[in-house]
Amino acid sequence: MDFSTVTLRNLEYIVAVAEEAHFGRAAHRCNVSQPTLSVQIQSLERSLGMKIFERYGRLVRVTNRGEEVIEQAKVILDETRKLERLARRDSRPLSESFRLGVIATLGAYLLPHLLRPLKKAYPDLDLVLVEGLTKPLIEHLRLGRLDGLLASIPLPSGDFQTEKLFLEPFVLALTPGHRLARVEQLSPEMLVAEEMLLLQDGHCLREQALEVCPDQNSRLRDRYQATSLETLRQMVALGLGCTLMPALATAEHGMLKGLVRYRTFAKDPPGRLIGLAWRRGSSAAADAIELATFIRKNLPGRVRKA
């Protein structure tokens with residue numbers, strides 16, 4: 001074995017191929033040509049005296065021994081990133097790149113309140129935002145493609161650390177003529193399953209809405225399912241039903257003004273706990289904690305500290 005030819009770049013290549021399960025996508029991710037990536041991986045396999053991948057045409061499978069090499073490569077790369085952060089970091093935290101995932105039902109409504117003060121407080125921060133559904137974002141966080149994740153907690157899976165940030169209540173979105181529009185003491189028990197509009201599967205908010213009236217889950221209306229909160233809002237405006245909306249998403253919309261009304265629940269309103277998560281032992285842990293502290297100090301209205 002000749003370990004002198006093993007480089008960090010080659011380790012990045014094999015991790016990319018293992019995660020993408022495709023040489024072309026891995027090459028694109030690593031900003032190299034596919035032939036270059038293939039040659040470098042073959043060179044690494046010769047140096048280690050073992051096969052890391054089995055190739056079946058365009059299909060790629062990691063060998064049993066290769067799995068161990070991939071896991072160790074991830075450890076080495078993460079420790080290297082820690083060293084890089086230590087070498088580059090000045091006296092200020094959040095002074096370099098931070099890849100932040102945000103669930104789709106939160107990002108557009110929370111981040112506008114934070115980005116300006118965040119840029120002022122941390123002018124050297126290079127914040128990379130990735131929006132999506134909870135499950136794919138958790139996987140990106142687990143694989144090291146994200147440094148942190150803003151989501152509803154607790155997360156369903158993964159070896160992560162989390163910081164509680166705030167409690168966001170749900171409100172009922174409905175038309176002004178709806179039977180509940182003028183009820184003085186609104187409660188979840190008043191919701192009728194057949195009237196409730198939901199997001200599509202994959203949104204954690206859908207599951208949270210189902211939990212608000214669990215006895216009626218089997219009758220909850222699946223005829224209409226929205227892909228986003230904005231589509232859900234428009235469905236309410238059309239009179240198709242009512243829905244639970246996170247409080248931060250209830251700002252007045254000019255085009256729908258007068259068509260949608262928001263009602264708060266009288267006591268113990270349903271809601272969600274929002275937190276910031278990161279991988280245990282991550283090189284970005286200190287920055288994640290700093291970011292969590294910043295968010296708690298700059299919370300917008302309609303939410304309260306956890």
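The values are calculated or read from the model by the stated rules, or taken from the named source; none is laboratory data. For clarity, every value in this text was computed on a predicted model and none was experimentally measured. Positions of Cβ are generated from backbone atoms using ideal geometry, with glycine treated the same way; all protein chains shown enter the neighbour counts.
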Item to check | Val62 vs. criteria outside the structural domain of Leu143 (by TED's automatic domain parsing), modelled with pLDDT of 90 or more and hydrophobic (A, V, I, L, M, F, W, C) | outcome: yes
Checklist entry - Restricting the search to segment 11-29, which residues are closer than 16 Å to Lys74 by Cβ, without any contact (Cβ under 8 Å) to a residue 60 or more places away in the chain and crowded, with 19+ Cβ neighbours inside 10 Å? => result Tyr13, Ile14, Ala16, Val17, Ala18, Ala26
Next on the checklist: Filter segment 188-208 down to the residues that are in contact with a strand residue (DSSP E or B) (Cβ under 7 Å, 6 or more places away or on another chain) and either over 17 Å from Cys242 (Cβ atoms) or in the same structural domain as Thr105 (by TED's automatic domain parsing) (or both) and list them by number.
Outcome noted: Gln200, Cys204
Item to check | Positions within segment 142-161 being surrounded by 14 or more Cβ atoms within 10 Å (Cβ to Cβ) and under 23 Å from Ala209 (Cα atoms), in sequence order | outcome: Leu149, Leu150, Ala151, Ser152, Ile153, Leu155
Checklist entry - Hey, among the residues in segment 205-254 that are modelled with pLDDT under 90 and among the basic types (Lys, Arg), which one's nearest to Gly132 (Cα to Cα)? => result Arg206
